[in-house]
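The values are calculated or read from the model by the stated rules, or taken from the named source; none is laboratory data. Given the structure is predicted, the values throughout are model-derived calculations rather than measurements. Cβ sites come from the backbone with ideal geometry, for glycine too, and all protein chains shown count toward neighbours.
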Amino acid sequence: MTKELDFKQLRHGTELLKRGFAKMQKGGVIMDVTNAEQAKIAEEAGAVAVMALERVPADIRAQGGVARMADPAKIQEIMDAVTIPVMAKCRIGHFAEAQALEALGVDMLDESEVLTPADPFYHIDKRGFTIPFVCGCRNLGEAVRRIWEGAAMIRTKGEAGTGNIIEAIRHQRIVDGSIKHLKLMEDADIYLLAEEYTQSYVKATEEITGREVDVNTPVFGKYLLDDIKQDIFEILKEIKEIQRLPVVNFAAGGIATPADAAIMMQLGSDGVFVGSGIFKSSNPTKRAKAIVDAVANYDKPEVIAEVSKNLGDAMPGQEIDKLDVRLQERGW
Amino acid sequence: MVKVGVIAAQGAISEHRDAFKKAFKETGLKGDVVLIRDKEDVSAADGIAIPGGESTTIAKYLHRTGIAGEIIKKVTNENMPVMGTCAGCVLLAKEIIDDQSEKVNPLSLMNMSVKRNAFGRQRESFEATVNVEDFGKPYHAVFIRAPTITKTWGNCKPIAMFENKIVGAQQDNLLALSFHPELTSDLMFHKYFLKLVIKQP
(Lines give C-alpha, C1' and ligand atoms only; values in the text may rest on other atoms or scores of the structure.)
Protein backbone atom coordinates (compact mmCIF):
# COMPACT_ATOMS: atom_id res chain seq x y z
CA MET A 1 0.00 0.00 0.00
CA THR A 2 1.40 3.40 -0.94
CA LYS A 3 1.71 6.26 1.46
CA GLU A 4 -0.70 8.32 -0.59
CA LEU A 5 -3.44 5.71 -0.32
CA ASP A 6 -2.97 5.49 3.43
CA PHE A 7 -3.29 9.22 3.70
CA LYS A 8 -6.62 9.21 1.88
CA GLN A 9 -7.96 6.60 4.29
CA LEU A 10 -7.13 8.79 7.20
CA ARG A 11 -10.09 10.75 8.54
CA HIS A 12 -9.83 13.72 10.88
CA GLY A 13 -12.50 15.65 12.77
CA THR A 14 -15.26 13.03 12.57
CA GLU A 15 -18.11 12.96 15.05
CA LEU A 16 -16.68 9.74 16.49
CA LEU A 17 -13.33 11.46 17.16
CA LYS A 18 -14.97 14.53 18.65
CA ARG A 19 -17.38 12.65 20.92
CA GLY A 20 -14.64 10.11 21.63
CA PHE A 21 -12.32 12.84 22.88
CA ALA A 22 -15.03 14.00 25.30
CA LYS A 23 -15.53 10.42 26.52
CA MET A 24 -11.87 10.27 27.51
CA GLN A 25 -12.57 13.16 29.92
CA LYS A 26 -15.33 11.30 31.81
CA GLY A 27 -14.90 10.95 35.55
CA GLY A 28 -12.43 13.79 35.52
CA VAL A 29 -12.00 17.40 36.59
CA ILE A 30 -11.27 20.17 34.09
CA MET A 31 -9.72 23.21 35.75
CA ASP A 32 -9.59 26.88 34.71
CA VAL A 33 -6.00 28.18 34.67
CA THR A 34 -4.52 31.52 33.70
CA ASN A 35 -0.81 30.68 33.39
CA ALA A 36 1.72 27.84 33.04
CA GLU A 37 2.33 27.60 36.77
CA GLN A 38 -1.37 27.07 37.52
CA ALA A 39 -1.62 24.58 34.65
CA LYS A 40 1.17 22.51 36.21
CA ILE A 41 -0.55 22.58 39.59
CA ALA A 42 -3.77 21.35 37.93
CA GLU A 43 -1.97 18.57 36.06
CA GLU A 44 -0.08 17.49 39.17
CA ALA A 45 -3.37 17.36 41.10
CA GLY A 46 -4.77 14.94 38.50
CA ALA A 47 -6.91 17.20 36.28
CA VAL A 48 -7.90 15.55 32.98
CA ALA A 49 -7.60 18.86 31.10
CA VAL A 50 -7.18 22.57 31.70
CA MET A 51 -9.19 25.50 30.37
CA ALA A 52 -6.77 28.26 29.39
CA LEU A 53 -8.06 31.74 30.26
CA GLU A 54 -6.74 35.26 30.81
CA ARG A 55 -9.04 35.79 33.75
CA VAL A 56 -11.12 33.32 35.75
CA PRO A 57 -14.91 33.94 35.70
CA ALA A 58 -14.92 35.60 39.16
CA ASP A 59 -12.49 38.25 37.87
CA ILE A 60 -14.38 38.67 34.59
CA ARG A 61 -17.50 39.27 36.66
CA ALA A 62 -15.76 41.72 38.99
CA GLN A 63 -14.01 43.70 36.26
CA GLY A 64 -16.91 43.92 33.79
CA GLY A 65 -16.37 45.12 30.22
CA VAL A 66 -16.20 42.92 27.14
CA ALA A 67 -14.62 39.52 27.76
CA ARG A 68 -12.99 38.01 24.65
CA MET A 69 -10.90 34.96 23.79
CA ALA A 70 -7.58 34.83 25.64
CA ASP A 71 -4.25 36.01 24.20
CA PRO A 72 -2.98 33.09 22.06
CA ALA A 73 0.51 33.60 23.50
CA LYS A 74 -0.92 32.89 26.97
CA ILE A 75 -2.68 29.78 25.71
CA GLN A 76 0.48 28.60 23.93
CA GLU A 77 2.45 29.01 27.15
CA ILE A 78 -0.07 26.75 28.89
CA MET A 79 -0.04 24.21 26.03
CA ASP A 80 3.74 23.99 26.32
CA ALA A 81 3.63 23.49 30.08
CA VAL A 82 1.40 20.39 30.27
CA THR A 83 0.73 17.15 28.41
CA ILE A 84 -2.97 16.93 29.31
CA PRO A 85 -5.45 18.48 26.82
CA VAL A 86 -5.79 22.25 26.78
CA MET A 87 -9.18 23.84 26.11
CA ALA A 88 -9.98 27.49 25.45
CA LYS A 89 -13.08 29.66 25.34
CA CYS A 90 -14.47 31.64 22.42
CA ARG A 91 -17.42 34.02 22.45
CA ILE A 92 -20.89 32.72 21.54
CA GLY A 93 -21.21 32.92 17.75
CA HIS A 94 -17.65 34.20 17.23
CA PHE A 95 -16.49 31.65 14.65
CA ALA A 96 -13.36 33.65 13.79
CA GLU A 97 -12.13 33.36 17.39
CA ALA A 98 -12.92 29.65 17.16
CA GLN A 99 -10.97 29.34 13.89
CA ALA A 100 -7.96 31.13 15.41
CA LEU A 101 -7.98 28.89 18.49
CA GLU A 102 -8.28 25.79 16.31
CA ALA A 103 -5.32 27.01 14.24
CA LEU A 104 -3.36 27.49 17.47
CA GLY A 105 -3.96 23.82 18.26
CA VAL A 106 -6.18 23.83 21.35
CA ASP A 107 -7.79 20.44 21.92
CA MET A 108 -11.37 21.55 22.60
CA LEU A 109 -13.29 24.80 22.34
CA ASP A 110 -15.82 26.09 24.86
CA GLU A 111 -18.36 28.36 23.15
CA SER A 112 -18.95 30.06 26.43
CA GLU A 113 -21.44 32.41 28.04
CA VAL A 114 -18.66 33.44 30.43
CA LEU A 115 -17.31 35.60 27.59
CA THR A 116 -19.40 38.40 26.09
CA PRO A 117 -21.58 36.99 23.26
CA ALA A 118 -20.54 38.14 19.77
CA ASP A 119 -23.52 37.14 17.63
CA PRO A 120 -27.02 38.16 18.77
CA PHE A 121 -28.65 35.58 16.49
CA TYR A 122 -26.62 32.43 16.08
CA HIS A 123 -24.31 30.09 17.89
CA ILE A 124 -21.35 28.71 15.89
CA ASP A 125 -21.96 25.95 13.35
CA LYS A 126 -19.61 23.57 15.10
CA ARG A 127 -19.70 20.78 12.52
CA GLY A 128 -17.31 22.61 10.23
CA PHE A 129 -14.49 22.41 12.78
CA THR A 130 -11.95 19.62 13.18
CA ILE A 131 -11.69 20.05 16.94
CA PRO A 132 -14.63 19.32 19.26
CA PHE A 133 -16.76 21.89 21.11
CA VAL A 134 -18.30 21.93 24.56
CA CYS A 135 -21.32 24.20 25.14
CA GLY A 136 -23.33 25.23 28.17
CA CYS A 137 -27.04 24.63 28.69
CA ARG A 138 -29.78 25.48 31.15
CA ASN A 139 -32.36 23.01 29.83
CA LEU A 140 -32.90 20.17 27.37
CA GLY A 141 -33.80 22.56 24.52
CA GLU A 142 -30.46 24.37 24.74
CA ALA A 143 -28.62 21.05 25.06
CA VAL A 144 -30.32 19.56 22.01
CA ARG A 145 -29.77 22.67 19.86
CA ARG A 146 -26.07 22.72 20.71
CA ILE A 147 -25.80 18.98 19.95
CA TRP A 148 -27.57 19.54 16.64
CA GLU A 149 -25.09 22.35 15.86
CA GLY A 150 -22.28 19.85 16.45
CA ALA A 151 -21.28 20.14 20.13
CA ALA A 152 -19.45 16.98 21.24
CA MET A 153 -19.91 17.70 24.92
CA ILE A 154 -22.49 19.55 27.03
CA ARG A 155 -22.10 21.18 30.43
CA THR A 156 -24.52 22.91 32.73
CA LYS A 157 -24.17 26.68 32.61
CA GLY A 158 -24.67 27.08 36.32
CA GLU A 159 -23.67 30.60 37.32
CA ALA A 160 -19.95 30.99 36.71
CA GLY A 161 -17.72 32.94 39.08
CA THR A 162 -20.13 32.84 42.02
CA GLY A 163 -18.93 29.82 43.99
CA ASN A 164 -22.64 29.11 44.35
CA ILE A 165 -23.78 25.65 43.29
CA ILE A 166 -27.52 26.33 43.11
CA GLU A 167 -27.72 27.16 39.40
CA ALA A 168 -25.64 24.15 38.33
CA ILE A 169 -27.96 21.91 40.32
CA ARG A 170 -30.98 23.68 38.84
CA HIS A 171 -29.75 23.09 35.28
CA GLN A 172 -28.75 19.49 35.91
CA ARG A 173 -32.14 18.68 37.46
CA ILE A 174 -34.04 20.41 34.65
CA VAL A 175 -32.14 18.54 31.91
CA ASP A 176 -32.44 15.25 33.77
CA GLY A 177 -36.12 15.76 34.53
CA SER A 178 -36.88 16.52 30.88
CA ILE A 179 -35.02 13.38 29.79
CA LYS A 180 -37.05 11.26 32.21
CA HIS A 181 -40.24 12.90 30.98
CA LEU A 182 -39.44 11.91 27.38
CA LYS A 183 -40.05 8.31 28.42
CA LEU A 184 -43.73 9.10 28.90
CA MET A 185 -44.09 10.85 25.55
CA GLU A 186 -45.38 9.40 22.26
CA ASP A 187 -43.60 10.23 19.01
CA ALA A 188 -46.25 12.79 18.06
CA ASP A 189 -45.61 14.71 21.29
CA ILE A 190 -41.85 14.45 20.83
CA TYR A 191 -42.26 15.92 17.36
CA LEU A 192 -44.13 18.86 18.87
CA LEU A 193 -41.31 19.29 21.36
CA ALA A 194 -38.79 19.25 18.49
CA GLU A 195 -40.86 21.99 16.86
CA GLU A 196 -40.78 24.03 20.07
CA TYR A 197 -37.01 23.55 20.38
CA THR A 198 -36.44 24.94 16.86
CA GLN A 199 -38.32 28.17 17.55
CA SER A 200 -35.19 30.09 18.56
CA TYR A 201 -33.82 29.59 15.00
CA VAL A 202 -37.12 30.88 13.58
CA LYS A 203 -37.12 33.88 15.87
CA ALA A 204 -33.53 34.80 14.96
CA THR A 205 -34.19 34.48 11.24
CA GLU A 206 -37.38 36.54 11.44
CA GLU A 207 -35.52 39.24 13.31
CA ILE A 208 -32.86 39.32 10.61
CA THR A 209 -35.13 39.17 7.57
CA GLY A 210 -38.08 41.10 8.98
CA ARG A 211 -40.50 38.55 7.54
CA GLU A 212 -42.01 35.20 8.40
CA VAL A 213 -40.00 32.05 7.85
CA ASP A 214 -41.41 29.70 5.19
CA VAL A 215 -40.33 26.18 4.22
CA ASN A 216 -37.71 27.49 1.80
CA THR A 217 -35.97 29.89 4.18
CA PRO A 218 -32.72 28.65 5.67
CA VAL A 219 -32.85 29.33 9.42
CA PHE A 220 -29.32 28.30 10.42
CA GLY A 221 -26.53 28.35 7.84
CA LYS A 222 -27.88 26.42 4.87
CA TYR A 223 -30.34 24.38 6.92
CA LEU A 224 -34.09 24.64 6.43
CA LEU A 225 -36.49 24.63 9.35
CA ASP A 226 -38.03 21.25 8.48
CA ASP A 227 -34.64 19.58 8.28
CA ILE A 228 -33.59 20.91 11.67
CA LYS A 229 -36.92 19.86 13.17
CA GLN A 230 -36.51 16.35 11.79
CA ASP A 231 -32.92 16.08 13.07
CA ILE A 232 -33.87 17.35 16.52
CA PHE A 233 -36.80 14.91 16.56
CA GLU A 234 -34.30 12.09 15.90
CA ILE A 235 -31.93 13.35 18.62
CA LEU A 236 -34.84 13.50 21.11
CA LYS A 237 -35.92 9.95 20.24
CA GLU A 238 -32.37 8.75 20.84
CA ILE A 239 -32.32 10.55 24.20
CA LYS A 240 -35.64 8.95 25.11
CA GLU A 241 -34.20 5.52 24.25
CA ILE A 242 -30.83 5.82 26.02
CA GLN A 243 -32.19 8.04 28.85
CA ARG A 244 -29.24 10.40 28.81
CA LEU A 245 -27.73 12.93 26.45
CA PRO A 246 -25.96 11.28 23.49
CA VAL A 247 -22.78 13.20 24.37
CA VAL A 248 -20.75 13.54 27.56
CA ASN A 249 -22.37 15.88 30.08
CA PHE A 250 -20.30 17.77 32.67
CA ALA A 251 -21.29 20.06 35.53
CA ALA A 252 -20.03 23.65 35.56
CA GLY A 253 -20.74 27.05 37.05
CA GLY A 254 -20.39 27.38 40.80
CA ILE A 255 -18.45 24.32 41.97
CA ALA A 256 -16.22 25.36 44.88
CA THR A 257 -15.82 22.35 47.18
CA PRO A 258 -15.27 18.57 47.02
CA ALA A 259 -18.87 18.07 48.19
CA ASP A 260 -20.11 20.36 45.37
CA ALA A 261 -18.33 18.09 42.90
CA ALA A 262 -19.72 14.98 44.57
CA ILE A 263 -23.33 16.18 44.50
CA MET A 264 -23.10 16.97 40.77
CA MET A 265 -21.69 13.50 40.08
CA GLN A 266 -24.46 11.91 42.15
CA LEU A 267 -26.99 13.89 40.16
CA GLY A 268 -25.66 12.27 37.00
CA SER A 269 -22.86 14.49 35.67
CA ASP A 270 -20.05 12.67 33.85
CA GLY A 271 -17.41 14.98 35.35
CA VAL A 272 -16.92 18.58 36.47
CA PHE A 273 -15.42 21.86 35.36
CA VAL A 274 -14.03 23.98 38.17
CA GLY A 275 -13.58 27.60 37.17
CA SER A 276 -12.74 30.14 39.82
CA GLY A 277 -13.20 27.56 42.59
CA ILE A 278 -9.60 26.40 42.71
CA PHE A 279 -7.35 29.39 42.09
CA LYS A 280 -9.60 31.82 43.99
CA SER A 281 -9.33 29.66 47.11
CA SER A 282 -6.67 30.02 49.78
CA ASN A 283 -4.91 26.71 49.03
CA PRO A 284 -5.28 25.83 45.32
CA THR A 285 -2.89 22.85 45.35
CA LYS A 286 -4.70 21.08 48.15
CA ARG A 287 -8.19 21.98 46.93
CA ALA A 288 -7.47 20.87 43.35
CA LYS A 289 -6.38 17.45 44.53
CA ALA A 290 -9.34 17.20 46.92
CA ILE A 291 -11.81 17.89 44.12
CA VAL A 292 -10.16 15.28 41.87
CA ASP A 293 -10.46 12.75 44.69
CA ALA A 294 -14.07 13.76 45.31
CA VAL A 295 -15.04 13.16 41.68
CA ALA A 296 -13.39 9.72 41.66
CA ASN A 297 -15.07 8.82 44.96
CA TYR A 298 -18.30 10.78 44.64
CA ASP A 299 -20.40 7.99 46.15
CA LYS A 300 -18.13 7.41 49.16
CA PRO A 301 -19.09 9.94 51.86
CA GLU A 302 -16.16 8.95 54.10
CA VAL A 303 -13.73 9.96 51.33
CA ILE A 304 -15.55 13.26 50.77
CA ALA A 305 -15.32 13.96 54.51
CA GLU A 306 -11.61 13.12 54.58
CA VAL A 307 -10.59 15.20 51.56
CA SER A 308 -12.68 18.16 52.73
CA LYS A 309 -10.59 18.58 55.92
CA ASN A 310 -8.44 21.68 56.38
CA LEU A 311 -8.69 22.99 52.83
CA GLY A 312 -8.53 26.61 53.97
CA ASP A 313 -10.98 29.17 52.64
CA ALA A 314 -13.11 28.40 49.63
CA MET A 315 -13.54 31.17 47.05
CA PRO A 316 -15.82 33.99 48.24
CA GLY A 317 -19.38 33.11 47.28
CA GLN A 318 -22.18 35.26 45.88
CA GLU A 319 -25.97 35.19 46.18
CA ILE A 320 -27.54 34.75 42.75
CA ASP A 321 -30.25 37.41 43.25
CA LYS A 322 -27.67 40.03 44.19
CA LEU A 323 -25.77 39.67 40.91
CA ASP A 324 -25.58 42.50 38.37
CA VAL A 325 -25.11 40.11 35.45
CA ARG A 326 -26.45 36.60 35.10
CA LEU A 327 -24.05 34.91 32.67
CA GLN A 328 -26.40 31.96 32.23
CA GLU A 329 -28.87 34.17 30.38
CA ARG A 330 -26.37 34.55 27.55
CA GLY A 331 -27.06 32.06 24.76
CA TRP A 332 -30.45 30.61 23.90
CA MET B 1 -17.17 -18.18 35.16
CA VAL B 2 -14.44 -15.61 34.62
CA LYS B 3 -14.43 -12.00 35.70
CA VAL B 4 -12.96 -9.19 33.66
CA GLY B 5 -12.16 -6.09 35.68
CA VAL B 6 -12.27 -2.63 34.15
CA ILE B 7 -10.17 -0.01 35.92
CA ALA B 8 -12.73 2.60 36.97
CA ALA B 9 -10.43 5.55 37.52
CA GLN B 10 -11.50 7.84 34.71
CA GLY B 11 -12.16 7.76 30.96
CA ALA B 12 -13.95 5.25 28.73
CA ILE B 13 -15.00 2.95 31.57
CA SER B 14 -18.61 2.28 30.58
CA GLU B 15 -17.55 1.77 26.94
CA HIS B 16 -15.17 -1.05 27.95
CA ARG B 17 -17.74 -2.56 30.30
CA ASP B 18 -20.39 -2.60 27.57
CA ALA B 19 -17.94 -3.97 24.98
CA PHE B 20 -16.94 -6.86 27.25
CA LYS B 21 -20.58 -7.63 28.10
CA LYS B 22 -21.34 -7.81 24.40
CA ALA B 23 -18.21 -9.86 23.72
CA PHE B 24 -19.27 -12.40 26.37
CA LYS B 25 -22.70 -12.62 24.79
CA GLU B 26 -21.49 -12.95 21.21
CA THR B 27 -18.81 -15.55 21.98
CA GLY B 28 -21.02 -17.54 24.34
CA LEU B 29 -18.22 -17.49 26.91
CA LYS B 30 -19.39 -17.45 30.50
CA GLY B 31 -18.30 -14.44 32.47
CA ASP B 32 -18.99 -11.07 33.97
CA VAL B 33 -17.52 -7.58 34.10
CA VAL B 34 -16.57 -5.88 37.37
CA LEU B 35 -15.35 -2.35 37.98
CA ILE B 36 -12.04 -1.98 39.80
CA ARG B 37 -12.09 1.03 42.13
CA ASP B 38 -10.00 -0.17 45.09
CA LYS B 39 -7.04 -2.48 45.47
CA GLU B 40 -9.28 -5.07 47.14
CA ASP B 41 -11.22 -5.36 43.87
CA VAL B 42 -8.18 -6.64 41.95
CA SER B 43 -8.23 -10.09 43.57
CA ALA B 44 -11.72 -10.75 42.16
CA ALA B 45 -10.61 -10.22 38.55
CA ASP B 46 -9.18 -12.87 36.23
CA GLY B 47 -8.10 -10.24 33.72
CA ILE B 48 -8.00 -6.45 33.75
CA ALA B 49 -8.59 -3.75 31.15
CA ILE B 50 -7.14 -0.26 31.55
CA PRO B 51 -9.32 2.13 29.52
CA GLY B 52 -8.46 5.19 27.51
CA GLY B 53 -8.49 8.48 29.38
CA GLU B 54 -5.70 10.72 30.61
CA SER B 55 -2.59 8.71 31.43
CA THR B 56 -1.35 11.21 34.05
CA THR B 57 -4.71 11.11 35.89
CA ILE B 58 -5.15 7.32 35.70
CA ALA B 59 -1.54 6.65 36.78
CA LYS B 60 -1.98 8.82 39.89
CA TYR B 61 -5.20 6.96 40.74
CA LEU B 62 -3.63 3.52 40.31
CA HIS B 63 -0.69 4.36 42.56
CA ARG B 64 -2.65 6.27 45.19
CA THR B 65 -5.20 3.49 45.62
CA GLY B 66 -2.61 0.74 45.61
CA ILE B 67 -4.27 -0.88 42.59
CA ALA B 68 -0.98 -0.55 40.68
CA GLY B 69 0.89 -2.76 43.15
CA GLU B 70 -1.85 -5.41 43.14
CA ILE B 71 -1.88 -5.59 39.34
CA ILE B 72 1.90 -5.89 39.16
CA LYS B 73 1.80 -8.69 41.78
CA LYS B 74 -0.92 -10.63 39.93
CA VAL B 75 0.81 -10.29 36.59
CA THR B 76 4.16 -11.36 38.01
CA ASN B 77 2.86 -14.25 40.13
CA GLU B 78 -0.16 -15.50 38.17
CA ASN B 79 0.44 -14.23 34.64
CA MET B 80 -2.89 -12.35 34.79
CA PRO B 81 -3.94 -10.96 31.39
CA VAL B 82 -4.07 -7.17 31.13
CA MET B 83 -5.29 -5.10 28.18
CA GLY B 84 -4.45 -1.41 27.94
CA THR B 85 -5.96 0.94 25.36
CA CYS B 86 -4.48 4.38 24.60
CA ALA B 87 -3.71 5.71 28.10
CA GLY B 88 -3.75 2.07 29.23
CA CYS B 89 -1.13 1.25 26.59
CA VAL B 90 1.09 4.03 27.97
CA LEU B 91 0.73 2.66 31.51
CA LEU B 92 1.78 -0.87 30.52
CA ALA B 93 5.12 0.29 29.08
CA LYS B 94 8.50 0.05 30.77
CA GLU B 95 9.67 3.22 29.13
CA ILE B 96 7.98 6.51 28.20
CA ILE B 97 10.14 8.59 25.90
CA ASP B 98 8.40 11.93 25.32
CA ASP B 99 9.93 15.09 26.79
CA GLN B 100 7.62 15.38 29.81
CA SER B 101 7.65 11.65 30.56
CA GLU B 102 8.45 12.18 34.26
CA LYS B 103 4.78 13.13 34.66
CA VAL B 104 3.59 9.53 34.27
CA ASN B 105 4.60 6.70 36.55
CA PRO B 106 3.73 3.57 34.50
CA LEU B 107 3.16 -0.01 35.68
CA SER B 108 6.31 -1.00 33.74
CA LEU B 109 5.06 -4.43 32.72
CA MET B 110 5.77 -4.64 28.99
CA ASN B 111 9.10 -4.56 27.18
CA MET B 112 8.32 -1.53 25.07
CA SER B 113 8.84 2.22 24.78
CA VAL B 114 5.89 4.50 24.12
CA LYS B 115 5.62 8.08 23.03
CA ARG B 116 2.54 9.94 24.22
CA ASN B 117 0.53 12.17 21.85
CA ALA B 118 2.78 10.84 19.10
CA PHE B 119 0.60 12.09 16.24
CA GLY B 120 -0.02 15.51 17.82
CA ARG B 121 -2.96 17.18 19.51
CA GLN B 122 -6.73 16.54 19.10
CA ARG B 123 -6.72 18.29 15.71
CA GLU B 124 -4.47 15.45 14.47
CA SER B 125 -6.62 12.65 15.94
CA PHE B 126 -7.85 10.30 13.22
CA GLU B 127 -9.68 7.19 12.12
CA ALA B 128 -7.84 4.80 9.84
CA THR B 129 -7.47 1.19 8.82
CA VAL B 130 -4.65 -0.65 10.54
CA ASN B 131 -3.02 -3.94 9.69
CA VAL B 132 -3.27 -6.50 12.44
CA GLU B 133 -1.12 -9.59 12.20
CA ASP B 134 -2.90 -12.92 12.66
CA PHE B 135 -6.39 -11.45 12.37
CA GLY B 136 -6.52 -11.80 8.62
CA LYS B 137 -8.60 -8.68 8.06
CA PRO B 138 -8.00 -4.93 8.24
CA TYR B 139 -9.26 -3.24 11.38
CA HIS B 140 -10.87 0.20 11.58
CA ALA B 141 -9.19 2.02 14.44
CA VAL B 142 -9.85 5.29 16.29
CA PHE B 143 -6.77 7.22 17.40
CA ILE B 144 -7.40 10.07 19.87
CA ARG B 145 -4.28 11.99 20.91
CA ALA B 146 -2.80 8.55 20.59
CA PRO B 147 0.58 7.22 21.69
CA THR B 148 2.74 5.00 19.51
CA ILE B 149 4.95 2.13 20.55
CA THR B 150 8.37 3.21 19.38
CA LYS B 151 10.24 0.01 20.25
CA THR B 152 9.63 -3.49 21.60
CA TRP B 153 12.20 -5.94 22.91
CA GLY B 154 12.51 -9.43 24.36
CA ASN B 155 9.22 -11.34 24.39
CA CYS B 156 7.14 -8.26 23.53
CA LYS B 157 6.03 -8.34 19.87
CA PRO B 158 4.30 -5.83 17.60
CA ILE B 159 0.84 -7.03 16.50
CA ALA B 160 -0.69 -3.96 14.82
CA MET B 161 0.91 -1.48 12.45
CA PHE B 162 -0.09 1.82 10.93
CA GLU B 163 2.25 3.42 8.40
CA ASN B 164 5.37 1.74 9.77
CA LYS B 165 4.43 2.69 13.31
CA ILE B 166 3.68 0.09 15.97
CA VAL B 167 0.17 0.70 17.33
CA GLY B 168 -0.37 -2.65 19.06
CA ALA B 169 1.88 -5.08 20.91
CA GLN B 170 1.57 -8.29 22.88
CA GLN B 171 3.79 -9.82 25.49
CA ASP B 172 2.43 -13.18 26.59
CA ASN B 173 -0.88 -12.27 28.32
CA LEU B 174 -0.39 -8.51 28.12
CA LEU B 175 -2.00 -6.59 25.27
CA ALA B 176 -1.30 -2.93 24.50
CA LEU B 177 -3.24 -0.96 21.87
CA SER B 178 -2.62 2.69 21.14
CA PHE B 179 -6.16 3.14 19.72
CA HIS B 180 -9.68 2.76 21.16
CA PRO B 181 -11.41 -0.57 20.37
CA GLU B 182 -14.00 0.42 23.01
CA LEU B 183 -15.34 3.20 20.75
CA THR B 184 -16.23 1.07 17.72
CA SER B 185 -18.61 -1.85 17.24
CA ASP B 186 -15.97 -4.34 16.04
CA LEU B 187 -15.26 -6.37 19.18
CA MET B 188 -12.35 -8.32 17.73
CA PHE B 189 -9.85 -7.19 20.37
CA HIS B 190 -12.23 -7.61 23.30
CA LYS B 191 -12.98 -11.17 22.16
CA TYR B 192 -9.28 -11.85 21.66
CA PHE B 193 -8.58 -10.65 25.21
CA LEU B 194 -11.41 -12.80 26.62
CA LYS B 195 -9.72 -15.83 25.08
CA LEU B 196 -6.49 -14.94 26.91
CA VAL B 197 -8.46 -14.69 30.14
CA ILE B 198 -10.36 -17.96 29.62
CA LYS B 199 -7.14 -19.86 28.85
CA GLN B 200 -5.81 -19.08 32.32
CA PRO B 201 -6.04 -22.03 34.75
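Scanning segment A:199-238 for residues that are small (Gly, Ala, Ser) and at negative phi returns A:200, A:204. Counting only helices (runs of 4 or more DSSP H) that fall entirely inside segment A:206-293 and contain at least 3 residues that are under 25 Å from residue B:14 (Cβ atoms) and in contact with a Ser or Thr (Cβ under 9 Å, 6 or more places away or on another chain), the qualifying elements are A:258-266. Within segment B:23-36, the set of residues being crowded, with 20+ Cβ neighbours inside 10 Å and over 20 Å from residue B:195 (Cβ atoms) comprises B:36 only.
Criterion applied to A:32, A:59, A:80 was being assigned to a strand (DSSP E or B) and acidic (Asp, Glu), and the one residue passing it is A:32. Here segment A:152-210 is the region considered, the condition is being polar (S, T, N, Q) and in contact with a strand residue (DSSP E or B) (Cβ under 9 Å, 6 or more places away or on another chain), and the residue that is nearest to residue A:111 (Cα to Cα) is A:156.
Within the bounds of segment A:45-56, is there any residue that is more than 14 Å from chain B (Cβ to nearest Cβ), surrounded by fewer than 23 Cβ atoms within 10 Å (Cβ to Cβ) and not in a loop (DSSP other than H, G, I, E, B)? Within segment A:45-56, not a single residue is more than 14 Å from chain B (Cβ to nearest Cβ), surrounded by fewer than 23 Cβ atoms within 10 Å (Cβ to Cβ) and not in a loop (DSSP other than H, G, I, E, B).
How many residues are outside any helix (DSSP H, G or I) and of a type in the set (Val, Ile, Thr) when one looks only at segment A:129-173?
7
Would a scan of segment A:142-153 turn up a residue that is out of contact with any Cys (no Cβ under 9 Å at 6 or more places or on another chain) and more than 29 Å from residue B:117 (Cα to Cα)? Yes, segment A:142-153 has at least one match.
Of the residues that sit in segment B:35-53 and are within 17 Å of residue A:27 (Cα to Cα) and outside any loop (DSSP other than H, G, I, E, B), which one is farthest from the other protein chains (Cβ to nearest Cβ)? Don't jump to the end; show me each part of the working.
The first filter runs over segment B:35-53 and keeps only residues within 17 Å of residue A:27 (Cα to Cα), leaving B:35-38, B:49-53.
Pick out the ones that are also outside any loop (DSSP other than H, G, I, E, B) and you get B:35-36, B:49-50.
Numbers: B:35: 11, B:36: 12, B:49: 15, B:50: 13 Å.
Looking at residues that are within 17 Å of residue A:27 (Cα to Cα) and outside any loop (DSSP other than H, G, I, E, B), I get B:49.
Note on segment B:1-22: among residues that are in contact with a Phe, Trp or Tyr (Cβ under 8 Å, 6 or more places away or on another chain) and either at pLDDT below 95 or over 25 Å from residue B:199 (Cβ atoms) (or both), the one that is nearest to the other protein chains (Cβ to nearest Cβ) is B:10. Being more than 20 Å from residue B:53 (Cβ to Cβ) and small (Gly, Ala, Ser) holds for only one residue in A:22, A:42, A:47, A:81, and it is A:81.
Annotation note: Cβ proximity below 9 Å between a residue of segment B:60-89 that is over 17 Å from residue A:296 (Cβ atoms) and a residue that is surrounded by 24 or more Cβ atoms within 10 Å (Cβ to Cβ) and among the basic types (Lys, Arg) (sequence gap 6+ or interchain) occurs for B:86/B:145.
Against the criterion of being among the aliphatic types (A, V, I, L, M) and surrounded by fewer than 23 Cβ atoms within 10 Å (Cβ to Cβ), residue A:274 does not qualify.
Residues that are in a loop (DSSP other than H, G, I, E, B) and more than 29 Å from residue A:182 (Cβ to Cβ) within segment A:90-116 comprise A:94, A:105, A:106, A:107, A:114, A:115, A:116, listed in sequence order. Count of segment B:139-174 residues, restricted to those that are within 14 Å of chain A (Cβ to nearest Cβ) and not small (Gly, Ala, Ser), is 13. Within segment B:175-201, being in a loop (DSSP other than H, G, I, E, B), touching a residue at least 40 places away in the same chain (Cβ under 8 Å), more than 14 Å from chain A (Cβ to nearest Cβ) and surrounded by fewer than 18 Cβ atoms within 10 Å (Cβ to Cβ) holds for one residue alone: B:200.
Here residue B:100 passes the criteria (1) under 30 Å from residue A:42 (Cβ atoms); (2) touching a Leu at 6+ places or on another chain (Cβ under 9 Å) except the one numbered (2).
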